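K.L.:
Mind looking over this structure? Questions follow.
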Amino acid sequence: MAAAATTLRARSLAAVAPPAMLLMVVLMCTAGSSAAAAAGPLLDVGFYSKTCPAAEDIVRNETEAAIKESPDLAAALLRLHYHDCFVQGCDASVLLDSTPTNTAEKDATPNGSLRGFDVVARVKAALEAACPATVSCADILALMARDAVVLAQGPTWRVALGRRDGRTSSAGSCGELPPLHGDIGLMAEAFAAKGLDVKDLVVLSGAHTLGKARCPSYADRLYPSADPALDARYADRLRMRCAAGSSNSSSELDPGSCVTFDTSYYRHVARRRGLLRSDASLLDNRFTRAYVLQAASGRYDGHFFHDFAVSMAKMAAIAVLTGEQGEIRRKCNVAN
């Protein structure tokens with residue numbers, strides 16, 4: 001309750017604070033977030049120290065090789081972890097294949113553009129060769145997301161491990177994903193349902209500094225008429241890439257910097273050039289708007305990097321399976 005009170009007080013201050021007070025507000029919220037992140041159930045940064053001591057090195061080496069070959073995979077691997085955790089928790093259910101009697105998460109409409117499954121399979125095969133039936137696919141996703149951010153010149157953080165893999169996956173559960181076309185209220189509700197607050201929302205949105213979005217994800221902001229919240233010149237440029245009815249083209253979420261993890265995403269949002277409706281909606285809430293403007297200034301990159309690490313640790317602890325729950329899959333795409 002004390003941590004919750006601190007967070008609420010910080011948000012209230014942020015709503016009315018002049019720029020000079022924003023740093024204090026961010027630090028207050030970070031303190032609350034750090035405490036929540038540290039409370040992950042039965043997860044331990046040294047979980048594999050005896051059973052598979054080379055696990056993190058194996059994951060890092062394979063991830064580095066994949067991203068060196070295709071830098072845009074950094075965004076794909078980070079997105080896999082996000083989409084996994086928001087649907088029935090961080091249990092690698094997003095990796096399971098569909099069966100004749102069940103459509104799995106990976107084949108749900110919101111996940112149609114997910115990539116990187118082959119890279120995860122490669123990492124799992126290397127871990128199985130070194131430490132059979134030891135490292136979970138859920139932990140692999142958490143580690144690869146962290147390593148992808150680092151390789152894209154972003155922050156690092158210690159990943160608490162010990163997740164177990166789920167045995168089920170259903171496309172019908174993907175309604176739990178935050179809606180890309182949603183306003184700030186819907187986004188905040190989706191995050192709150194997973195134990196994440198409005199600060200986590202604006203911070204994790206910063207992951208859109210990496211990657212691209214397909215035309216159908218933002219066409220509703222262009223047709224039949226441009227969203228008034230979208231910069232007019234930017235809208236004109238987007239129409240050149242995304243014709244009405246197009247489904248194959250894509251645009252960078254952070255134009256000019258989509259393979260580098262930095263704060264330029266927030267500068268685009270501040271200039272009304274956030275690509276997705278969910279990006280633009282960050283300007284519609286007093287706290288998230290203040291955070292966007294602070295990050296956009298370019299003077300608080302270190303604070304954003306710290307905040308991102310904290311929020312990622314919180315997200316990675318959503319509804320995890322531990323102990324005797326679930327299983328350790330031998331192949332990430334099929335249950336044992």
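K.L.:
How far is helix 301-315 tilted, in degrees, relative to the longest principal axis of the Cα atoms in the chain, given as a value from 0 to 90 rounded to the nearest 10?
P.N.:
Approximately 50 degrees, to the nearest ten.
K.L.:
Of Lys50/Lys194; Lys106/Lys331; Lys124/Lys194; Lys68/Lys212; Lys68/Lys194, which pairs sit farther than 24 Å apart, going by alpha carbon to alpha carbon?
P.N.:
Working: Lys50/Lys194 32 Å; Lys106/Lys331 15 Å; Lys124/Lys194 27 Å; Lys68/Lys212 18 Å; Lys68/Lys194 33 Å.
Table pairs above 24 Å Cα-Cα are Lys50/Lys194; Lys124/Lys194; Lys68/Lys194.
K.L.:
Report Rg(Cα)/(2.2 N^0.38 Å) for region 171-319, keeping two decimals. Working shown, then result.
P.N.:
Details: Rg = 15.1 Å, N = 149, 2.2 N^0.38 = 14.7 Å.
Its radius of gyration relative to the 2.2 N^0.38 Å reference: 1.02.
K.L.:
When volume of the Cα convex hull per residue in Å³ is calculated directly from the model, which label among [x] 133; [y] 203; [z] 187 fits?
P.N.:
Answer label, from the structure shown: [x].
K.L.:
Can you compute 3J(HN,Hα) from phi for each residue in region 45-52, using the Karplus curve 6.51 cos²θ - 1.76 cosθ + 1.60 with θ = phi - 60°, rounded to whole Hz and x for Gly and Pro?
P.N.:
Computed from phi, the couplings for region 45-52 are 5, x, 4, 9, 4, 9, 7, 7 Hz.
K.L.:
Once each part is reduced to its C-alpha centroid, what is the distance from region 173-203 to region 268-319 in angstrom?
P.N.:
The distance from the Cα centre of region 173-203 to that of region 268-319 comes to 13 Å.
K.L.:
Which value at 222 nm does the chain reach when only helices count, each DSSP H run of 4 or more adding -39,500 (n - 2.57), with the total divided by all residues and rounded to the nearest 500 deg cm²/dmol? Walk me through the intermediate numbers first.
P.N.:
Working: 13 runs with 154 residues, N = 336.
Computed mean residue ellipticity for the chain: -14000 deg cm²/dmol.
K.L.:
Something else: Using a 1.4 Å probe over the heavy atoms of the protein chains, calculate the carbon and sulfur portion of the accessible area of the chain as a whole percent. Could you put the intermediate results ahead of the total?
P.N.:
On the way: 8140 of 14610 Å².
Accessible surface attributable to carbon and sulfur in the chain totals 56 percent.
K.L.:
Right, next: Any idea of the accessible area per residue across region 113-204, 1.4 Å probe, to the nearest Å²?
P.N.:
Numbers: 3230 Å² over 92 residues.
Heavy-atom SASA per residue in region 113-204 reads 35 Å².
K.L.:
Given Cβ point charges of +1 (Lys, Arg) and -1 (Asp, Glu) and nothing else, what value in debye, to the nearest 20, does the dipole of region 267-336 about its Cα centre take?
P.N.:
The dipole of region 267-336 has a size of about 380 debye.
K.L.:
Roughly how big is region 213-336's charge dipole about its Cα centre, with Cβ charges of +1 (Lys, Arg) and -1 (Asp, Glu), in debye to the nearest 20?
P.N.:
On the way: 18 positive and 13 negative charges, 51 e Å.
For this selection, approximately 240 debye.
K.L.:
Over all pairs of distinct alpha carbons, what does the Kirkwood formula give as the hydrodynamic radius of region 106-227, in Å? Please report the intermediate quantities before stating the final value.
P.N.:
Working: mean 1/r = 0.0583 Å⁻¹.
For region 106-227, the Kirkwood estimate is 17.2 Å.
K.L.:
Among Asn111, Leu80, Leu201, whose Cα projects farthest towards the positive end of the dipole of the chain, with charges put on the beta-carbon of Lys, Arg (+1) and Asp, Glu (-1)?
P.N.:
Selected residue: Leu201.
K.L.:
To the nearest 10 degrees, how steeply does helix 19-37 sit against the main Cα axis of the chain, on a 0 to 90 scale?
P.N.:
20 degrees
K.L.:
What is the dipole size for the chain, taken about its Cα centre, with +1 at each Lys and Arg Cβ and -1 at each Asp and Glu Cβ, in debye to the nearest 20?
P.N.:
Numbers: 36 positive and 35 negative charges, 133 e Å.
Once rounded to the nearest 20, the dipole reads 640 debye.
K.L.:
How big is the Rg/Rh ratio for region 32-178, C-alpha atoms only, Rh by Kirkwood, two decimals? Please report the intermediate quantities before stating the final value.
P.N.:
On the way: Rg = 14.9 Å, Rh = 15.7 Å.
On the Cα set of region 32-178, Rg over Rh gives 0.95.
K.L.:
If you don't mind, another one. Determine the distance separating the Cα centre of region 46-104 from the Cα centre of region 130-167; give it in Å without decimals.
P.N.:
6 Å
K.L.:
Choose one of Ala192, Ala148, Thr99: the residue whose Cα lies farthest towards the positive end of the charge dipole of region 83-233 (beta-carbon charges +1 Lys, Arg; -1 Asp, Glu; about the Cα centre).
P.N.:
With unit charges placed on the Cβ atoms, the residue in question is Ala148.
K.L.:
Let me ask you something else. May I ask for the net charge around Asn333, where only other residues with Cβ less than 15 Å from the Cβ of Asn333 are counted and Lys, Arg are +1 while Asp, Glu are -1? Could the numbers behind the result be given before it?
P.N.:
Details: positive: Lys106, Arg115, Arg122, Lys124, Arg167, Arg329, Arg330, Lys331; negative: Asp84, Asp91, Asp97, Glu105, Asp107, Asp118, Glu128, Asp165, Glu327.
Residues close to Asn333 contribute a combined charge of -1.
K.L.:
Please list, ordered by chain and number, the residues whose modelled amide H lies under 5 Å from the amide H of Leu321; skip anything fewer than 5 residues away on the same chain.
P.N.:
For Leu321, whose amide H was placed from the backbone, the distant partners under 5 Å are Arg164.
The values are calculated or read from the model by the stated rules, or taken from the named source; none is laboratory data. On a predicted model such as this, the values are computed, not experimentally measured, just so you know. Virtual Cβ from ideal backbone geometry, glycine too; neighbours counted across all protein chains shown. These accessible areas exclude ligands, DNA and RNA; they are computed on the full protein's heavy atoms, side chains included. Shrake-Rupley method; radii C 1.70, N 1.55, O 1.52, S 1.80 Å.
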